[in-house]
Amino acid sequence: MFIDLSNFIQNENEIYKEIENEVLDMDLNMTDTVLVSPVKYKLGISKVNKDLLADLSIEYTVEKPCDRCLKLARESVVARYQAKLVDESCKDILEDEEDLSEYEYMEKNRIEIDRLAREVVVISLPMKSLCSENCEGLCPVCGIDLNSSECDCEKTQVDPRLDVLKGLKL
Ligand SMILES: [Zn+2]
Ligand SMILES: [Zn+2]
C-alpha cells in the first residue's frame, strides 16, 4: 500500500500528519520465524524547516522455536524507526553521505508503507527466543524435554576430543 503525501506536502498550514493502520499477512519469508499478528503501525510525519521527518512505531507478535527446547515461543515486539523522507531522485546525490539508513525514499510523494514496515520488522526481530526465562531445555544426551520430564543421563558436558584420552592408558 502506498501513502500519498502530495496534499500534505503542498498544504503549508499542515505541519504534522499521523497515519495509524496495520499490515495484514506480511510474509517474512523465513523458515522458523512467523508473524502471528498483523503488524500495527503508527507513522507520524513532521515538517521541520524544509525536511520531512518520519517517525514510525510498529507492533507485532512473532513465533519462533525456543532456543533451548524448540517449543514455539511467542514474543511481542515494539520497534521504532526514524528517517528523513527524500525523493527517489536524491538517491544518487545522497550516495556519498555517511549514513543512508537515515533516509527513506519517496516516489512521487508516495511512501510504500508495507515495504517500510517489513524492513523495520526484519531489523527488529528478537535475536533470542525463549519460551520462558527458566526453560530447562532438552537433554543433550537423550533429547527429552527437561521442562516436563526427567532422565538419568549423565549431563556433564564432555568435549568429544577428550574421549580419545579416556582410552589411553597412562
Ligand atoms: Zn524452551
Ligand atoms: Zn537424557
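When Ala79 is tested against the conditions (1) small (Gly, Ala, Ser); (2) surrounded by 14 or more Cβ atoms within 10 Å (Cβ to Cβ); (3) within 30 Å of Ser148 (Cβ to Cβ), the lone failure is (3).
Residue-wise test of (1) touching a residue at least 12 places away in the same chain (Cβ under 8 Å); (2) over 22 Å from the mean Cα position of the chain (by Cα); (3) within 19 Å of Asp4 (Cα to Cα).
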| site | (1), (2), (3) |
| --- | --- |
| Lys64 | yes, no, no |
| Glu75 | yes, no, no |
| Gln82 | yes, no, yes |
| Asp87 | yes, yes, yes |
| Asn109 | yes, yes, yes |
| Ala117 | yes, no, yes |
| Glu133 | no, no, no |
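Mind listing whichever residues of the stretch 120-138 are of a type outside the set (Ser, Thr, Tyr), more than 13 Å from ligand 1 (Cβ to nearest atom) and surrounded by 15 or more Cβ atoms within 10 Å (Cβ to Cβ)? Of everything in the stretch 120-138, those that are of a type outside the set (Ser, Thr, Tyr), more than 13 Å from ligand 1 (Cβ to nearest atom) and surrounded by 15 or more Cβ atoms within 10 Å (Cβ to Cβ) turn out to be Val120, Val121, Leu125. For Ile144, the criteria (1) among the hydrophobic types (A, V, I, L, M, F, W, C); (2) away from ligand 2 (no atom under 16 Å from the Cβ); (3) at pLDDT 90 or above hold in every case but one, which is (2). Among residues of the stretch 46-71 being buried (at least 18 other Cβ atoms within 10 Å of the Cβ) and over 17 Å from Met127 (Cβ atoms), the one that is farthest from ligand 1 (Cβ to nearest atom) is Leu52.
The values are calculated or read from the model by the stated rules, or taken from the named source; none is laboratory data. These numbers come from a predicted model, not from an experiment. Please note: Cβ atoms are built from the backbone with ideal geometry, for glycine as well, and neighbour counts cover all protein chains shown.
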